[in-house]
Structures are given as C-alpha cells and as structure tokens.
Amino acid sequence: MFCETEFREQLRSQSGDWERVRESGWHSCLDTLCLQLPSKGLKRTIFLRRRFPHRTKYAISPGMNEPAIEQATLEDLPLLTDLLIDLFASEEDFKPDRIKQMRGLRLILEQPNRGRIFVLRHHGMILGMVNILFTISTAEGGFVILLEDLIINKDHRGLGFGSQLIQHVIAYAKQKDFLRITLLADRMNEGSRNFFRKHGFAESTMIPMRLLLNER
C-alpha cells in the first residue's frame, strides 16, 4: 500500500524542499496529484481525495504540453468578453457592460495597428488574456504601450499565468522597440500593485484624470 508520508520523505531526501516541489513540480487533476522529479526520474501518482481543493481547478499532467501564449483571434471574442466582465466586476471605476466590452475588444482585434490581445491557451481553453494599445509619447520621443487589461480566469489563478503574460508583453515591447509600458493599477488592490512592482513597474507621481464624454 502506498504511504504518502514515506513518499514525502523520499522527495525531501532527493529535493531537499517539499514546499518547493509541491509548488513547482506537481499539478493537480481532480482527485489526483502528480509529482515528477526529472533529475531523479521519479514519477508517482498519489490519490489524495481532494486534500488540496485549491489546486484541483486546473491540471497539466507530466508530459502534457505547457500553455502557450498566442495572439487572440475574432473566434476568441466571446471568451475574452467573459474575462473582461469578470475583471470589471471587481473594480470600482468600471461597470461591466458586455456590449461595450465586446465592441472594444473587436476594435483591437480588427485593427492590429492599434494594439494586440494575447491569450494564454491550453488545449483550446483560454486561461488568461492581456491587451495592449499602441500610442506615441512626446516625453519618450517614440512609440509606447498602454497596458489596458490583464486578467486570469478565476479558476486558474495562483499558478504563475499572470507572470507569464506580463513577461510576454515586456519581451514583445523590447523586441518591437517600444520605449515604455504604462498601466493603471487599482489603488485599493495592494496585491495587484505588488504584482506589477515585482515585474519592474514603478508608481508614478502623476495622477490619472478623465472626462467621460458620453455622460455629458
């Protein structure tokens, strides 16, 4: 009979850090936990009966292809809209409006000279998205990026997917010779601000102001 405790001891003896292995070396799938230590060729499957419910929402079993970041297409529009609705529902400054969100996304998809929408996709499922807009900065003297929205599906958060998307945007900006990336962070969401700080963003002394023309 398999003993989880004994297997953990094996992992500790070979990796030195169970927590690190648990966070980076396994992916849960329903009631199954898969662990793999490539350096030792150790592969075992443990049935944990949902002992890790926070990790049962998404699965990448060993040997499966990793999620890939791709440019979104018009076929993705309904799912992208769902993600934006979820994002705006959690922000005080915005009210979800499916028609408006779909129209805005469509404008970006149909006019690639205005911006890009990248999605993190795995076996046809969109795990998250980020959209960026192109503009010109007189301060920088060239083209810059406005990062509009970054959202991970609520069932797939905490797995590093947001970091993958933001790093992709940074790499894309450097490759295309953009000079700056600007974004608006929720003042009340310290976790969001810490996330962007971790990836090199710094807070500005400038205060954003706006005028909504459709309400005048």
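As a rough footprinting exposure proxy, the listed residues 206, 102, 129, 188 were ranked by other beta carbons within 10 Å of their own, and the order from fewest upward is 206, 188, 102, 129. Taking the number of Cβ atoms within 10 Å of each Cβ as an exposure proxy, the fewest-first ranking of 177, 76, 97 is 177, 97, 76. Restriction of the trypsin sites (Lys or Arg not before Pro) in segment 84-148 to DSSP coil positions whose beta-carbon has at most 13 other beta-carbons within 10 angstrom yields 114. Treating r as the C-beta distance of residue 82 and residue 189 and R0 as 25 Å, the FRET efficiency rounds to 0.75.
Shape class of segment 92-139 from the alpha-carbon gyration tensor: oblate, with a/c at 1.5 or above and b/c at least as large as a/b. Extension gain, residue 171 to residue 199, is 8.9 nm, computed as 0.36 nm per intervening residue step minus the present C-alpha separation. Considering only DSSP beta bridges whose two residues both sit in segment 68-215, what percent are antiparallel, to the nearest 5? Of all bridge pairs located within segment 68-215, approximately 90 percent are antiparallel.
Quick note: the coordinates plus some simple rules give every number you see, no bench work behind them. Quick caveat: nothing in here was measured; it's all calculated off a predicted structure. Quick reminder, even Gly has a Cβ in these numbers, built from the backbone with ideal geometry, and neighbours come from all protein chains shown.
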